[in-house]
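Colleague: Supplied in structure tokens, the structure appears directly below.
The values are calculated or read from the model by the stated rules, or taken from the named source; none is laboratory data. Treat the numbers as computed from the prediction; the structure is a model and nothing was measured. Neighbour counts are summed over all protein chains in view; Cβ atoms, including those assigned to glycine, are modelled from backbone coordinates with ideal geometry. With ligands, DNA and RNA removed, areas are computed over all heavy atoms of the protein, side chains included. Shrake-Rupley method; radii C 1.70, N 1.55, O 1.52, S 1.80 Å.
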Amino acid sequence: MTLTKKPEARPARASWGLASRGAPWEYAPAPEATDHIRIEPEYGLFIGNRFTPSKPRRTFTVINPATEEPLAKVAHASKADVNRAVTTAREAHRSSWSKLSGRDRAKYLYRIARILQERSREFAVVESLNSGKPIKESRDVDVPLAAAHFFYYAGWADKLDYAFPNRQPRSLGVAAQIIPWNFPLLMLAWKIAPALAAGNTVVLKPASTTPLTAYLFADVVKQADLPPGVVNIITGPGEIGMELVRHPDVRKVAFTGSTAVGKMIARAVAGSDKKVTLELGGKAANIVFDDAPLDQAIEGIINGIYFNQGEVCCAGSRLFVQESVHEALIDKLKARLGTLRVGDPLDKNTDVGAINSAGQLAKVQELVQSGIDEGAEIFQPDCELPDRGFFFRPTLFTGVSQSHRIAQEEIFGPVLSVLTFRTPEEAIEKANNTPYGLSAGVWTEKGSRIFKMIAGMKAGVVWANTFNRFDPTSPFGGYKESGHGREGGLHGLGAYLDVSGNDTQAR
Ligand code: NDP
């Protein structure tokens, strides 16, 4: 698909250092080695600590979005396989995992966390190969945070009674967990770590485009010597996810993905006593006041929307700038955009990697075209894109109005829509004018203004003078169409426990 209006373009390459003296230079390529990783030609379903083919035996191919080359074949689970996985998980819950002391469960979780750290390079490379994200992000963010989640929840496993005073927390049983393709390993950790700490067993379905780190994690499960059936991983299309959600022996459903599928899941579990957490889409407002340190804000804006190619549910995709600093900020932003390096995810210099799939790229292109058609002004740096793979230039729209699709819909790509405001009240009203309510950012020197903005905005997370900061101790989740329930922190642990019984009842 081609854009029908030529964007305003600026030179895209790094132009600092020698460039300031008139001699632009390039970084030499710094590709991460791949000779230390092993991707199997085919992966079966991981059930009861064994890789087994689906029944009937069917597979589908997983590709590298940066090259469009195949990486591996993975099993296409059937309804019977879903049943096999859930039954195995239920039996493991009954016979082993729920009987272990919290202290013993913690030992396994600590073991997993340490193995993730030991094998971090391997995980980072496979994650970047399969998802398209830059290696510096998978290496410095995804993998360390995944390990941190296991460390954090390991700490809670033997303290459940203290975590919920005067309650008698009980595990729920089998948790069905469905995760997306934007943070495959990290979302796995967000789901599996609290579930196991609370004493549940799990059946996890990764996204069809990004199952490889989940299957690498299956190897960690074996290495950590977890009892068979505690962690089960199955692959297959969305319908298989729905089979899992509907399975009568599932006691908890945890989903991260699109709002459309989240609503289908909510309908599917309505009327049952399954616990549900839904982490859905977002359209975060990142708000810059005229007293903010602009250079610092620029870095926060860049991180907010171009991190992980903008494929982030809490991405700061709507930038609200106070009118008096709009021009100065946009000039700085355009210059900074020109320094972003788009290309090979395995190159350690790359800032923006590949979009995860052809389908997602088409969605980004379609929404960008709608922005042009509706009259917003597009800016893209004039950087070269690789000949193959699903790449998209970092994009900035100015002159955006509230009614434009690019101001309302989740794009899930490296596309920023800029709007303006005059007063804090106007910023709050505009920020809340979206069906979503996942996250927001505020940039100002005034502490009192930060509190006013936080109180006024319907967003599950508000970052002040920073953006996209994650910590396992901190709950994360949304309002409105961004879903309900929280993951992370104590709230995330409670989502995997039945705390309805109190300690006066028999144990
Ligand atoms: P989906 O919501 O379709 O996919 C997320 C997960 O749900 C995947 O594992 C997917 O499996 C599974 N799934 C799909 N359909 C069903 C179903 N009917 N029942 C149960 N599980 C299902 O997201 P997409 O990949 O289609 O992305 C579409 C848009 O959603 C993106 O453009 C973005 O806007 C948003 N999105 C938001 C995310 C977030 O973190 N909030 C994450 C991903 C996407 P499979 O991969 O096999 O289809």
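Colleague: May I ask what percent, to the nearest 5, of DSSP beta bridges between residues of the chain are antiparallel?
Modeller: On the way: 21 of 65 bridges.
Antiparallel bridges: around 30 percent, rounded to the nearest 5.
Colleague: Of the peptides 74-84, 54-64, 365-375, how do they stack up when ordered by the mean number of other Cβ atoms within 10 Å, highest first?
Modeller: Numbers: 74-84: 21.4, 54-64: 15.5, 365-375: 17.0.
The packing order, highest mean first, is 74-84, 365-375, 54-64.
Colleague: With axes computed from alpha carbons, what is the tilt in degrees of helix 326-337 against the longest principal axis of the chain, rounded to the nearest 10 within 0 to 90?
Modeller: Between helix and principal axis, roughly 70 degrees.
Colleague: Also, quick follow-up: Rounded to the nearest 20 Debye, what is the dipole magnitude of region 138-251 about its Cα centre when Lys and Arg each give +1 and Asp and Glu each give -1 at the C-beta? Write down the numbers at each step before the final one.
Modeller: On the way: 9 positive and 9 negative charges, 50 e Å.
Using only the charged Cβ atoms, the result is roughly 240 debye.
Colleague: Holding the Cα-Cα limit at 27 Å, pick out from Lys159/Lys452; Lys133/Lys452; Lys222/Lys363; Lys205/Lys263; Lys363/Lys480; Lys136/Lys283 the pairs that are longer than that.
Modeller: Values: Lys159/Lys452 36 Å; Lys133/Lys452 36 Å; Lys222/Lys363 38 Å; Lys205/Lys263 18 Å; Lys363/Lys480 23 Å; Lys136/Lys283 25 Å.
From Lys159/Lys452; Lys133/Lys452; Lys222/Lys363; Lys205/Lys263; Lys363/Lys480; Lys136/Lys283, over 27 Å: Lys159/Lys452; Lys133/Lys452; Lys222/Lys363.
Colleague: Which peptide among 438-447, 269-278 comes first, and what is the full order, when sorted by highest mean count of other Cβ atoms within 10 Å? Mind dumping the intermediate values first?
Modeller: Details: 438-447: 23.1, 269-278: 16.5.
Ranked by mean Cβ neighbours within 10 Å, highest first: 438-447, 269-278.
Colleague: Please compute the per residue accessible area over region 413-485 with all protein chains in place, 1.4 Å probe, rounded to a whole number of Å².
Modeller: Numbers: 3050 Å² over 73 residues.
Accessible surface, normalised per residue, equals 42 Å².
Colleague: Something else about it: Which order do peptides 90-101, 489-500 fall in by mean Cβ count within 10 Å, highest first?
Modeller: On the way: 90-101: 17.0, 489-500: 20.2.
Top to bottom by mean Cβ count within 10 Å: 489-500, 90-101.
Colleague: With charges set only on the Cβ (+1 for Lys and Arg, -1 for Asp and Glu), what does the dipole of the chain come to about its Cα centre, in debye to the nearest 20?
Modeller: Here the chain has a charge dipole of around 1780 debye.
Colleague: Between region 23-44 and region 428-459, what is the C-alpha centre distance in whole Å?
Modeller: Taking the Cα centre of region 428-459 as reference, the centre of region 23-44 is 40 Å away.
Colleague: Given C-alpha coordinates of the chain, what is the ratio Rg to Rh with the Kirkwood estimate of Rh? Could you put the intermediate results ahead of the total?
Modeller: Values: Rg = 22.9 Å, Rh = 23.5 Å.
Rounded to two decimals, Rg over Rh is 0.98.
Colleague: Okay, next question. Among Pro475, Thr350, Val418, which residue has its Cα furthest toward the positive end of the charge dipole of the chain, with +1 on Lys/Arg Cβ and -1 on Asp/Glu Cβ?
Modeller: Farthest towards the positive pole: Pro475.
Colleague: For the chain, take the longest principal axis of its alpha carbons; what is the angle in degrees between that and the long axis of helix 79-95, to the nearest 10 within 0 to 90?
Modeller: 60
Colleague: Suppose every K and R has +1 on its Cβ and every D and E has -1 on its Cβ; what is the size of the dipole of region 364-507 about the Cα centre, in Debye to the nearest 20? Don't jump to the answer; show the numbers that get you there.
Modeller: On the way: 13 positive and 18 negative charges, 117 e Å.
Here region 364-507 has a charge dipole of around 560 debye.
Colleague: Please give me the summed charge of the neighbours of Ala124: other residues whose Cβ is under 11 Å from its Cβ, Lys and Arg +1, Asp and Glu -1. Don't skip to the answer; put the middle values down first.
Modeller: Numbers: positive: Arg119, Arg121, Lys133, Lys136, Arg139, Lys348; negative: Glu32, Glu122, Glu127, Glu137, Asp140, Asp142.
Local net charge: 0.
Colleague: A further question follows. Measure nothing fancy, just the Cα-based angle from helix 259-269's long axis to the longest principal axis of the chain, in degrees from 0 to 90, nearest 10.
Modeller: 20
Colleague: Could you work out the local net charge near Gly485, counting Lys and Arg as +1, Asp and Glu as -1, over the other residues with Cβ closer than 13 Å to its Cβ? Working shown, then result.
Modeller: Working: positive: Lys191, Lys252, Lys274, Lys275, Arg486; negative: Glu279, Glu487.
It works out to a net charge of +3.
Colleague: Leaving out ligands and nucleic acids, note down the accessible area per residue over region 76-176 with a 1.4 angstrom probe, in whole Å².
Modeller: Values: 4080 Å² over 101 residues.
For region 76-176, the solvent-accessible area averages 40 Å² per residue.
Colleague: When 1/r is averaged over all different Cα pairs and the result inverted, which Kirkwood radius in Å belongs to region 318-454? Don't skip to the answer; put the middle values down first.
Modeller: On the way: mean 1/r = 0.0611 Å⁻¹.
After inverting the pairwise mean of 1/r, the radius is 16.4 Å.
Colleague: Right, another one. Find which of Phe60, Thr444, Gly371 sits farthest along the positive direction of the dipole of the chain, computed with +1 on the beta-carbon of Lys and Arg, -1 on that of Asp and Glu, about the Cα centre.
Modeller: Phe60
Colleague: Another one. Please report the spacing between the Cα centers of region 87-165 and region 388-402 in Å, no decimals.
Modeller: A separation of 35 Å, based on Cα centres.
Colleague: Over all directions, the average projected area of the alpha-carbon convex hull for region 400-507 comes to how many nm²?
Modeller: Mean projected area of the Cα convex hull: 9.4 nm².
Colleague: On the accessible surface of the chain, probed at 1.4 Å, how many percent belong to carbon and sulfur atoms?
Modeller: Numbers: 10160 of 19790 Å².
That share works out to 51 percent.
Colleague: Then there is this: Among Ala284, Asn130, Trp190, whose Cα sits farthest toward the positive end of the charge dipole of the chain (+1 at Cβ of Lys/Arg, -1 at Cβ of Asp/Glu, about the Cα centre)?
Modeller: Trp190
Colleague: Jot down the radius of gyration and Dmax of region 24-151, Cα atoms only, both in angstrom.
Modeller: Cα-based Rg and Dmax for region 24-151 come out at 18.4, 65 Å.
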